[in-house]
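Student: Just dropping this structure here.
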Amino acid sequence: MFGLVVLASKYANKSKKKYDLRLQFKTKLLRLLLESGYRRRDIEQLFFFIQQILVLPEKWQSKFKEEVRKTIKKKKYGQNGCENLYKTGRS
């Protein structure tokens, strides 16, 4: 878990006003998070942290939300409850 936190911080510094790059980083972190095998609660907490540290303007955030939906559907991550990441009230 600590590795993802460090990586998110590093990505935040590399992509300060480069929103296209930040979107790529955020999407990559999402995939790493979902492939990690962590418990649902841990995934939700790390997702919340990533959302707070890699903030995107609304236009870019909408694109990210679509990536979340596609990734979860494509990889069938919904089996462990991850389909509700944006419904936890923490987006």
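Student: Within segment 1-58, which helices (runs of 4 or more DSSP H) (wholly inside it) include 1 or more residues that are more than 12 Å from the chain's Cα centre (by Cα) and polar (S, T, N, Q)?
Tutor: The qualifying helices (runs of 4 or more DSSP H) are 2-14.
Student: Follow-up. Working carefully through the options ARG22, ARG41, find the one that is surrounded by 18 or more Cβ atoms within 10 Å (Cβ to Cβ) and either at pLDDT 85 or above or in contact with a Cys (Cβ under 6 Å, 6 or more places away or on another chain) (or both).
Tutor: So the residue among ARG22, ARG41 that is surrounded by 18 or more Cβ atoms within 10 Å (Cβ to Cβ) and either at pLDDT 85 or above or in contact with a Cys (Cβ under 6 Å, 6 or more places away or on another chain) (or both) is ARG22.
Student: Does any residue in segment 18-46 that is on the phi > 0 side of the Ramachandran plot come within less than 8 Å, Cβ to Cβ, of a residue that is of a type in the set (Gly, Ala, Ser) and assigned to a helix (DSSP H, G or I) six or more places away or on a different chain, and which pairs are these?
Tutor: none
The values are calculated or read from the model by the stated rules, or taken from the named source; none is laboratory data. Computed from a predicted structure; not experimentally measured. So basically every Cβ, Gly included, is an ideal-geometry build from the backbone, and we count neighbours across all protein chains shown.
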